[in-house]
Amino acid sequence: MKAYKDLSKEELQAVQTELQAQYQKLKEAGIQLDMSRGKPGIDQLDLSVSMFDVLSSKSSFKGVDNIDIRSYGLFDGVTEAKELFAEIMECPADHVMVYGNSSLNIMYDLVSNAMLHGICGNTPWCKLDKVKFLCPVPGYDRHFAITESLGIEMINIPMDENGPDMDMVEQYVNNDPTVKGIWNVPKYTNPAGIVYSDEVVRRFANLKPAAPDFRIFWDNAYAVHHLYVDNKVPMLNIVEECEKAGNPNIYYQLCSTSKVTFPGSGVAALIASPENLSDIRKTVTKETIGYDKLNQMRHVLFFKDAAGVHAHMEKHAAILRPKFEAVLDCLESELGGLEIGKWVKPLGGYFIAFDTIEGCAKRVVELCKEAGVVMTPAGSTYPYKKDPKDTSIRIAPTYPTPEELKQACEVFVLCVKLASVEKYMENIA
């Protein structure tokens with residue numbers, strides 16, 4: 001079939017009539033699916049259930065520190081957990097601090113404490129007239145929610161297949177002292193699946209911030225989430241590159257096991273320079289006596305080492321790969337050649353980014369919801385939920401069963417077609 005943009009008014013009307021009939025049948029089918037978040041499926045959660053067996057009433061509850069992990073102490077993490085994260089993320093163990101179950105919690109704490117107390121002796125942000133954050137887009141909605149909730153001005157930074165527009169990043173960071181941070185999901189970005197190029201990582205490491213308390217928030221959430229065992233896309237190590245550049249304090253790197261083991265009961269870690277960690281401990285010691293050391297040790301005993309983590313992630317990939325490929329095959333077979341959408345095949349991560357023609361994303365999501373498929377709200381991948389072109393949609397294929405995913409794809413592509421025809425008909429009228 002011809003591209004929709006090349007159809008006459010009469011042809012568009014005929015296509016619209018046919019699509020509306022198909023859409024009505026789907027609505028009558030009573031489909032109820034929620035694809036609004038990137039949640040692991042039940043079969044993925046089952047991969048980690050034997051973790052509950054590694055600690056029992058017969059365990060010693062003491063590690064290399066000879067401290068009883070059931071009690072107080074080791075508030076910044078058991079040594080074995082620090083060493084495990086250091087091996088996974090390829091950094092020194094003295095750069096690691098292990099927290100509770102959520103890296104989002106760590107990021108909120110870092111930003112809110114910068115507001116209240118400042119970073120490394122600098123003026124608390126709440127005492128400044130203006131604080132700005134750079135936001136590569138499309139990006140992670142919960143990042144933007146943190147900065148928005150604290151009244152921080154957010155600035156869109158466009159991305160291409162290599163990562164953020166570094167000319168813009170450098171212009172802002174190196175010249176504007178009110179720019180205090182930048183959000184990043186550098187590997188298999190949420191939602192586009194991009195991996196930052198070597199040049200982009202090096203340019204980040206070599207920034208010369210006008211603000212001494214500027215920090216790169218390097219949310220490496222999908223560092224080990226490869227979909228293809230034989231194509232694990234490499235990325236330069238931000239810790240090493242920042243040290244080479246003479247900028248050892250410029251970054252905060254985050255990671256967790258949220259989508260490795262259990263999202264509600266995983267373990268999160270902060271990777272930062274010893275100077276940054278020393279500063280951070282001053283506030284963390286006022287927040288908590290310590291995080292869940294039993295859960296930290298449970299993860300250590302379950303995985304043993306980084307090789308154990310990578311072997312575990314291959315099991316995840318075996319479950320997720322067919323789901324991603326099913327969605328991508330559907331998009332190609334149903335929308336290929338119609339020129340009403342763009343997407344990229346990700347090699348890892350948890351999402352597929354889809355771009356509609358301009359002005360259609362909200363309508364597509366609305367049509368999907370009416371047909372029983374709940375998507376992430378359109379605009380969520382932009383600060384303030386304002387997608388200037390109304391094109392960005394995040395597809396989360398991980399949670400549905402294969403049969404549910406087939407239904408969801410059928411609904412989605414039909415809604416894309418219908419919304420696109422409506423838009424072209426508006427333009428003709």
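Of all residues in the stretch 283-302, those satisfying the criterion of being charged (D, E, K, R) and under 12 Å from Phe75 (Cβ atoms) are Lys286, Glu287, Asp292, Lys293.
Taken over the stretch 167-185, the criterion of being part of a helix (DSSP H, G or I) and open to solvent by less than 10 Å² (accessible area, probe 1.4 Å) is satisfied by Val169, Val173. Only one of the listed residues (Leu33, Leu47) is in contact with a His (Cβ under 8 Å, 6 or more places away or on another chain) and touching a residue at least 24 places away in the same chain (Cβ under 8 Å). That residue is Leu47. Pairs only if they're at least six apart or on different chains, beta carbon under 9 angstrom, first in the stretch 316-345 and within 11 Å of Leu405 (Cβ to Cβ), second part of a helix (DSSP H, G or I) and open to solvent by 60 Å² or more (accessible area, probe 1.4 Å); list them, first residue then second. What qualifies is Pro322/Pro402; Lys323/Pro402; Ala326/Pro402; Ala326/Lys406; Cys330/Lys406; Cys330/Glu410.
For the residues Leu26, Leu84, Leu45, Leu33, the requirement of being over 27 Å from the mean Cα position of the chain (by Cα) and either open to solvent by 80 Å² or more (accessible area, probe 1.4 Å) or of a type outside the set (Lys, Arg) (or both) singles out Leu26. Listed by first and then second residue, the pairs with beta-carbon distance under 7 Å, at least 6 apart or on different chains, first residue in the stretch 10-26 and among the β-branched types (Val, Ile, Thr), second surrounded by 13 or more Cβ atoms within 10 Å (Cβ to Cβ), are Val15/Leu7; Val15/Val421. Cβ-Cβ contacts under 6 Å between residues 6 or more apart (or on different chains), taken from a first residue in the stretch 270-294 that is at negative phi to a second residue that is loosely packed, with under 13 Cβ neighbours inside 10 Å, are listed as Pro274/Asp94; Ile289/Tyr72.
For the stretch 355-375, the count of residues that are touching a strand residue (DSSP E or B) at 6+ places or on another chain (Cβ under 6 Å) and either of a type in the set (Lys, Arg) or part of a loop (DSSP other than H, G, I, E, B) (or both) is zero. Restricting Cys409, Cys415 to those that are touching a residue at least 60 places away in the same chain (Cβ under 8 Å), touching a Leu at 6+ places or on another chain (Cβ under 6 Å) and of a type outside the set (S, T, N, Q) reduces the list to Cys415. Take the stretch 289-335 and flag every residue that is open to solvent by 60 Å² or more (accessible area, probe 1.4 Å), more than 22 Å from Asp43 (Cα to Cα) and assigned to a helix (DSSP H, G or I). The answer is Asp329, Glu332, Ser333, Glu334.
Here is a check on your reading of the model: is Lys39 within 30 Å of Val416 (Cβ to Cβ), of a type outside the set (Phe, Trp, Tyr), at pLDDT below 95 and open to solvent by 90 Å² or more (accessible area, probe 1.4 Å)? So Lys39 passes the test.
Does the stretch 99-112 include one or more residues that are surrounded by 17 or more Cβ atoms within 10 Å (Cβ to Cβ), touching a strand residue (DSSP E or B) at 6+ places or on another chain (Cβ under 6 Å) and assigned to a strand (DSSP E or B)? Scanning the stretch 99-112 turns up no residue that is surrounded by 17 or more Cβ atoms within 10 Å (Cβ to Cβ), touching a strand residue (DSSP E or B) at 6+ places or on another chain (Cβ under 6 Å) and assigned to a strand (DSSP E or B).
Of all residues in the stretch 50-64, those being touching a helix residue (DSSP H, G or I) at 6+ places or on another chain (Cβ under 6 Å) and either part of a loop (DSSP other than H, G, I, E, B) or without any contact (Cβ under 8 Å) to a residue 24 or more places away in the chain (or both) number 4.
From the list Phe144, Phe61, exactly one residue is farther than 14 Å from His299 by Cβ and in contact with a Lys or Arg (Cβ under 6 Å, 6 or more places away or on another chain). Which is it? Selected residue: Phe61, the only one of Phe144, Phe61 that is farther than 14 Å from His299 by Cβ and in contact with a Lys or Arg (Cβ under 6 Å, 6 or more places away or on another chain). So is Thr376 open to solvent by less than 50 Å² (accessible area, probe 1.4 Å), among the β-branched types (Val, Ile, Thr) and out of contact with any helix residue (DSSP H, G or I) (no Cβ under 9 Å at 6 or more places or on another chain) or not? Considered against the rule, which asks whether it is open to solvent by less than 50 Å² (accessible area, probe 1.4 Å), among the β-branched types (Val, Ile, Thr) and out of contact with any helix residue (DSSP H, G or I) (no Cβ under 9 Å at 6 or more places or on another chain), Thr376 comes out as no. Among the residues making up the stretch 205-220, those that are hydrophobic (A, V, I, L, M, F, W, C) and in contact with a helix residue (DSSP H, G or I) (Cβ under 7 Å, 6 or more places away or on another chain) are Ala205, Leu207, Ala210, Phe214, Ile216, Phe217, Trp218. Among the residues making up the stretch 389-429, those that are part of a loop (DSSP other than H, G, I, E, B), open to solvent by 10 Å² or more (accessible area, probe 1.4 Å) and closer than 24 Å to Gly349 by Cβ are Lys389, Asp390, Thr391, Tyr399, Thr401.
The values are calculated or read from the model by the stated rules, or taken from the named source; none is laboratory data. Nothing here was measured: the structure is a model prediction, and the numbers come from that model. FYI the Cβ positions are ideal-geometry reconstructions off the backbone, even for glycines, and counts take in every protein chain you see. Accessible surface is based on the protein model in full, side chains and every heavy atom, while ligands, DNA and RNA are left aside. Shrake-Rupley method; radii C 1.70, N 1.55, O 1.52, S 1.80 Å.
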